[in-house]
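Below is one structure, written out as structure tokens, with a few remarks after it.
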Amino acid sequence: VGLHNCGFWRPKSLLDTARFTLSFNGRHRKKHQDSRALWKHEAVQKYLETLSKEYQQVSHLLNADSINDFEQRTLRRRCASLSPIAAAFQEIKEAEREIQELEAMCRELDSRDEKQLLEFALEEKETLDKKINMSCRKLFQLLLPKGKYDRSHVILEVTAGRTTGGDICQQFTKEMFEMYQNYADYKHWTFDIVNYVPAEIGGLHHAAAHISGDEVYRHLKYEGGTHRVQRIPETGMSSRMQRIHTGTMSVIVLPQPEEVDVKVDPKDLRIDTFRSKGAGGQHVNKTDSAVRLVHLPTGLAVECQQERSQQINKEIALRTLRAKLYQQIIEKQLSQEQNARKLQLGTRAQSERIRTYNFTQDRVTDHRISYDARNIKEILSGKEALDKLINRLLEFAEIEAVTEYLENLQALEGGGC
């Protein structure tokens, strides 16, 4: 803590609270280390000790009689921000002390009579290890500022690739869209289809959905990019020859804050109506209920054909168009945030191949973090296996961000407040 030159207390920023030499650098830092490995780093320990001491000092100052109301409000805000960090820090320290005691006890338990007690101690150590891993992840999440759009709803779009693959791309696009639909159900989100253009052979050309729920964008923001599939087609000459085909599809994830205040001048819109192409009952191909909106100044076009009512489709399409226009406003900021980090997860780079689904080897590879997952069917089911992969991406992104933050502290060492 520090005193402002005018006499009242002010909290030091996180950049001000740690003036120590860090040993992180590009040559020695292990790429994509986990939370536990980062926690053990000496520089991280010193930094957290600094924050923990500051929390104790702030708590002590809050009990002083000499501070006025303004100072007290400032202290309370700082105390509230440091409290969960200090608590997690002490929780990990305590668990580590318990592990040390267990290990010391285990070294003395080597006789057969004490085998059961030894097994119990090892089980307890495993439980404590899991607790530490979870606490480390929580701690580093607390250190990082919340992403501006992490709690936002999203517009998710999938599009079959136009390169090699043909039918295989369209079939894979359908499987991917269904995967995200199942994942939304697994996470208890709402999944509203706003556009669906099926392919003639049973696949999918293009589809879009509005997904709402808790922290949707945070979980899906790294799904944007090019997804590659490698498989042997089920029919045709290639299937008989066991020839592997390669295809691609792309995913776009647009954050959509609840209040999107983007004004669209009706004069800037061209509105086309046409007959729905997909399954949907008797109204399909009989009424011009589908709507296409084209924003003339930007060339952006959106379609909606899911509802029977042309007016409802128009309202949904207009909401999607506003989201896309809003995306142009925030895209630069998101790009700047992403480019500032060592881990380029390709949120905005749609041409980047981010993941390969190899059916012949039953393997999914995320190229950004060099992570392989087995059992493609489990991944495509959109449940626990996909959630595990997404959470691994999030953890790596968080670790990279924390590591870079600490490296920035090193660069600022010796500077002023």
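Within region 143-157, the only residue that satisfies the criterion of being basic (Lys, Arg) and modelled with pLDDT of 85 or more is Arg151.
Here's a check for you: in region 70-91, which residue that is under 20 Å from Trp39 (Cβ atoms) and either in contact (Cβ under 8 Å) with a residue 40 or more places away in the chain or part of a loop (DSSP other than H, G, I, E, B) (or both) is most open to solvent (accessible area, probe 1.4 Å)? Per the stated criteria, the residue is Glu91.
Name the one entry in Lys93, Lys115 that is modelled with pLDDT of 90 or more and of a type in the set (D, E, K, R). Working first, answer last.
Numbers: Lys115 fails: modelled with pLDDT of 90 or more.
From the options Lys93, Lys115, the qualifying one is Lys93.
Cβ separations smaller than 6 Å between residues 6+ apart or across chains give the following pairs from region 43-58 residues that are of a type outside the set (A, V, I, L, M) to residues that are assigned to a helix (DSSP H, G or I): Ser52/Ala86; Ser52/Phe89; Tyr55/Leu82; Tyr55/Ala86.
Looking at region 133-156, is at least one residue within 22 Å of Glu178 (Cα to Cα), in contact (Cβ under 8 Å) with a residue 60 or more places away in the chain and of a type in the set (Asp, Glu)? Explain how you work it out, then say what you get.
Step one: list which residues in region 133-156 are within 22 Å of Glu178 (Cα to Cα), which gives 152-156.
Now drop any that are not in contact (Cβ under 8 Å) with a residue 60 or more places away in the chain, which leaves 152-156.
Retained after the next criterion (residues that are of a type in the set (Asp, Glu)): none.
Within region 133-156, none of the residues are within 22 Å of Glu178 (Cα to Cα), in contact (Cβ under 8 Å) with a residue 60 or more places away in the chain and of a type in the set (Asp, Glu).
Gln282 passes every criterion in (1) under 29 Å from His367 (Cα atoms); (2) surrounded by fewer than 13 Cβ atoms within 10 Å (Cβ to Cβ); (3) modelled with pLDDT under 80 apart from (1).
Selection of region 296-308 for residues being surrounded by 19 or more Cβ atoms within 10 Å (Cβ to Cβ) and either out of contact with any strand residue (DSSP E or B) (no Cβ under 6 Å at 6 or more places or on another chain) or free of Cβ contacts under 8 Å to residues at least 12 places away in the same chain (or both) yields only Glu307. Against the conditions (1) free of Cβ contacts under 8 Å to residues at least 40 places away in the same chain; (2) more than 22 Å from Arg392 (Cα to Cα); (3) of a type in the set (S, T, N, Q), Thr127 satisfies every one except (2).
For residues in region 36-63 being over 15 Å from Glu91 (Cα atoms) and among the polar types (S, T, N, Q), which is nearest to the chain's Cα centre (by Cα)? By that ranking, first place goes to Thr50. Regarding Ile67, is this residue in a helix (DSSP H, G or I) and open to solvent by less than 50 Å² (accessible area, probe 1.4 Å)? In short, no.
The values are calculated or read from the model by the stated rules, or taken from the named source; none is laboratory data. Only a predicted model underlies this, so the values are computations on that prediction, with no experimental measurement involved. Cβ sites come from the backbone with ideal geometry, for glycine too, and all protein chains shown count toward neighbours. For the accessible areas, the whole protein counts, side chains as well, though only heavy atoms, and no ligand, DNA or RNA atoms are used. Shrake-Rupley method; radii C 1.70, N 1.55, O 1.52, S 1.80 Å.
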